[in-house]
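Written out below as structure tokens is the structure these notes cover.
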Amino acid sequence: MAQFNIAGGVKQLEDSELRFLEEEHVKYIQKVSQDTTSFEMVVMQHMRMSGVYWGTTAMALLGRNLKSDMKSDDIVEFVLSCQYDNGGFGGNVGHDPHMLYTLSALQVLAICDKLDLIDKEKVIEYVASLQNVDGSFNGDIWGEIDTRFSYCALQIFSLLGALHSNCFNLDKAVEFVAKCRNFDGGYGAVPGAESHAGQIFCCIGALSIAGALHHVDVDLLGWWLSERQCDSGGLNGRPEKQADVCYSWWILSCLKILGRVKWIDEDSLIHFILKAQDSDGGISDRPGNMADIFHTFFGISGLLLLGYFSRDEDEKYSRYEDIDPTYALPVSVVKRMNLQPQVLNEPEIAFTPIVPNPRFAEL
Ligand SMILES: [Zn+2]
């Protein structure tokens, strides 16, 4: 029997009944995406565009028909209604344009194969206008600089076929990301800032799109990323922090791009993600907490990157889609658009830790 947690109202599966709750998650995603009075919709009002991206992508990954199961015509109409004359997209109707939501908007349009409905030149102009002379990008006109925006910009240019155009400086963009590398092999938001798994994904993703992974110290970074696995099996974002399902995406996608997924204990991470499911649908940041659409998407993506569904013969899993670790889009979309992210092969020799690790010392 599922446990009921009175404090959070969260129902967890027992270990003996642990399985992926497809139907429950589909209903949860539909409720969160379509019920404008839902709690999630209200608290996410300022970033509805991202919520739409997480929900639409999750449903595409589960092999669902987006037209009937997600009302994709309404979704496309919503996305288009968030675009401004300057080319940028806001997080909701009437909200100011920002790089983050411009990427989410384009990703949704790419999944729905509707990129032709927008004036691409305007979007390219908008994103190019946010590049600084050192190669970095601002998130919007207010000037915050962060490697998250480098990733957004490069993916946007790539989706619009402008990655190698002269509308912006790709070499400088790569140079800035490369400068954010730290002594531990990780990356931060700006040069000298602490390594953090979310920022590392943005930097590795940007370098993968640009075909510039030669800037990465692959083994050192692979070691730092695999050290993020906690006793619970989950991954954390920085040393001494709690494990969180979303790092199953931020870290696994990097390990996948770098060909180092085998450096973590895949089974215990699968167990951690499955335990974070609410038996009524949705996945939370860690077992026992309230589910949300963000962690639902990243939990499903993590299970896909771990090859969890291909272990099972169940026919329904055969319609699931793999997720591209660089673009965070279904692989079929990346192929249809002929995008070619750089990925590295798995090493031929076994991994030897660079810094002695107490876990290995015990063996
Ligand atoms: Zn999280």
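The values are calculated or read from the model by the stated rules, or taken from the named source; none is laboratory data. Since the structure is predicted, the reported quantities are computational estimates derived from the model, not experimental observations. Positions of Cβ are generated from backbone atoms using ideal geometry, with glycine treated the same way; all protein chains shown enter the neighbour counts.
Out of the residues in region 237-247 that are at negative phi and without any contact (Cβ under 8 Å) to a residue 24 or more places away in the chain, state the one that is surrounded by the fewest Cβ atoms within 10 Å (Cβ to Cβ). If you could, list the steps in order and put the result at the bottom.
If we filter region 237-247 for residues that are at negative phi, which is where we start, we get 237-239, 241-247.
When the remaining residues are screened for being without any contact (Cβ under 8 Å) to a residue 24 or more places away in the chain, the result is 239, 241.
On the way: P239: 11, K241: 14.
Among them, the one singled out is P239.
Within region 126-142, identify whether any single residue is more than 18 Å from S50 (Cα to Cα) and at pLDDT below 95, and answer yes or no. Yes; the residues of region 126-142 include at least one that is more than 18 Å from S50 (Cα to Cα) and at pLDDT below 95. Remark: pairs (first residue in region 256-268, at positive phi; second residue surrounded by fewer than 17 Cβ atoms within 10 Å (Cβ to Cβ) and outside any loop (DSSP other than H, G, I, E, B); Cβ separation under 7 Å; 6+ apart in sequence or on different chains) are absent.
Residues in region 273-288 that are away from the ligand (no atom under 16 Å from the Cβ) and either crowded, with 24+ Cβ neighbours inside 10 Å or among the acidic types (D, E) (or both): D280 only.
Within region 320-352, being at pLDDT below 90 and either assigned to a helix (DSSP H, G or I) or touching a Ser or Thr at 6+ places or on another chain (Cβ under 9 Å) (or both) holds for one residue alone: F351.
The residues in region 194-227 that are buried (at least 22 other Cβ atoms within 10 Å of the Cβ) and out of contact with any Asp or Glu (no Cβ under 6 Å at 6 or more places or on another chain) can be counted, and the count is 17.
For region 247-272: of the residues being of a type in the set (V, I, T) and away from the ligand (no atom under 12 Å from the Cβ), which is nearest to G205 (Cα to Cα)?
Looking only at region 247-272, we keep the residues that are of a type in the set (V, I, T), and these are 251, 257, 261, 264, 270.
Within this subset, residues satisfying the condition of being away from the ligand (no atom under 12 Å from the Cβ) are 257, 261, 264, 270.
On the way: I257: 8, V261: 16, I264: 20, I270: 23 Å.
For region 247-272, the residue satisfying everything is I257.
Taking region 267-316 as the range and being assigned to a helix (DSSP H, G or I), over 15 Å from V26 (Cα atoms) and among the polar types (S, T, N, Q) as the test, the residues that pass are S268, S310. Residue count for region 129-138 satisfying the condition of being under 22 Å from the mean Cα position of the chain (by Cα), part of a strand (DSSP E or B) and surrounded by 19 or more Cβ atoms within 10 Å (Cβ to Cβ): 1. When the residues of region 206-246 are filtered to those that are of a type in the set (V, I, T) and outside any helix (DSSP H, G or I), the one that is farthest from the ligand (Cβ to nearest atom) is V216.
Rundown of residues vs (1) in a helix (DSSP H, G or I); (2) more than 21 Å from F157 (Cα to Cα); (3) among the charged types (D, E, K, R), yes/no style:
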site	(1), (2), (3)
Y53	yes, no, no
T56	yes, yes, no
S68	yes, yes, no
I75	yes, yes, no
F78	yes, yes, no
N92	no, yes, no
L100	yes, no, no
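Residues that are surrounded by 15 or more Cβ atoms within 10 Å (Cβ to Cβ) and either β-branched (V, I, T) or not in a helix (DSSP H, G or I) (or both) within region 111-128 comprise I111, C112, K114, I118, V123, I124, V127, listed in sequence order. Residue count for region 294-308 under the criterion of being more than 12 Å from the ligand (Cβ to nearest atom), modelled with pLDDT under 95 and either under 12 Å from the mean Cα position of the chain (by Cα) or under 21 Å from V52 (Cα atoms) (or both): the result is 0.
Might you let me know whether region 222-230 holds any residue that is of a type in the set (A, V, I, L, M, F, W, C) and within 26 Å of P330 (Cβ to Cβ)? Within region 222-230 (the criterion being of a type in the set (A, V, I, L, M, F, W, C) and within 26 Å of P330 (Cβ to Cβ)), the answer is yes, since at least one residue qualifies.
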